[in-house]
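The values are calculated or read from the model by the stated rules, or taken from the named source; none is laboratory data. What you see is a predicted model; the values in this text were computed from it and never measured. Cβ coordinates were reconstructed from backbone atoms using ideal geometry, including for glycine residues, and neighbour counts include every protein chain displayed.
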Amino acid sequence: MDKVVLLCRVSTASQDYERQVSELTDFCQRADWQVAQIFANKVSGKLPVEQRPELLQMLEYVKLHQIKRVVVLEISRLGRNTLEALKVIQMLNDAGVALYIKNYNLETLDNQGKVNPVASLICTILLEVAQMERLTIIDRMSSGRDQYIKKCRATGKKMGRPSTYRKSIEDYHRQYSKEISLLRKMSLKNVSAITGTSINTLRRLKAMFLAEGAK
């Protein structure tokens, strides 16, 4: 039975990667693959490999435990930065570990452990598409924001949240429970890299909860 690891990722703290874990686990059982480990995180796919703890841990793990392949639901879970994602694929290839992309039934190494050139080409194209989708989303958000500002200025409408709006302590704790837990043992920079939450927000959380807990 081939030993595999699962790699799952979502971009924000409000999202959940359990669906990916469940779907891939079921698939591996049907394929008669043994899931040796699961690496999952809530982190932006645009970050470089060096700022993705789950990737670094996964790369180290597959080298030490004779893993046959790394299984992802779709290639964008590897990342949305083409060069960084290709760097990970190359590291896996060098270690003799295949990347398997479930939604395309695509594997980067053949049965002899050699690089599959067709799969490599398709991976590059898919990564470029994923990166383009991310840039398109950013462009649409920017365009929508610009139109909103223009409309507010033209009508004299005040922008932003109502002045009476205040997020409660419970709201902060519910939304940022993982960040608060990580802040007890990690630096602001590392927590930001793992969760994708801004440094300013983390500073606010640290002041609100850790100072309170220290009393």
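Hey, can you tell me all the residues within region 128-170 that are among the acidic types (Asp, Glu), out of contact with any Ser or Thr (no Cβ under 9 Å at 6 or more places or on another chain) and at pLDDT below 80?
Correct list: 139, 146.
Name the residues in region 39-63 that are modelled with pLDDT of 85 or more and touching a strand residue (DSSP E or B) at 6+ places or on another chain (Cβ under 8 Å), would you?
Across region 39-63, the qualifying residues are 39, 57, 58, 61, 62.
Does residue 183 count as surrounded by 15 or more Cβ atoms within 10 Å (Cβ to Cβ), modelled with pLDDT of 85 or more and over 21 Å from residue 10 (Cα atoms)?
Against the criterion (surrounded by 15 or more Cβ atoms within 10 Å (Cβ to Cβ), modelled with pLDDT of 85 or more and over 21 Å from residue 10 (Cα atoms)), residue 183 does not qualify.
Look at residue 71 and say whether it is surrounded by 21 or more Cβ atoms within 10 Å (Cβ to Cβ), touching a residue at least 24 places away in the same chain (Cβ under 8 Å), hydrophobic (A, V, I, L, M, F, W, C) and not in a helix (DSSP H, G or I).
Yes; evaluated as a whole, the condition is true for this residue.
Residues 113, 96: which one is in a loop (DSSP other than H, G, I, E, B), modelled with pLDDT of 90 or more, more than 26 Å from residue 15 (Cβ to Cβ) and not β-branched (Val, Ile, Thr)?
96
Filter region 104-135 for residues that are of a type in the set (A, V, I, L, M) and out of contact with any helix residue (DSSP H, G or I) (no Cβ under 8 Å at 6 or more places or on another chain); which is farthest from residue 81 (Cα to Cα)?
Checked region 104-135; the qualifying residue farthest from residue 81 (Cα to Cα) is 118.
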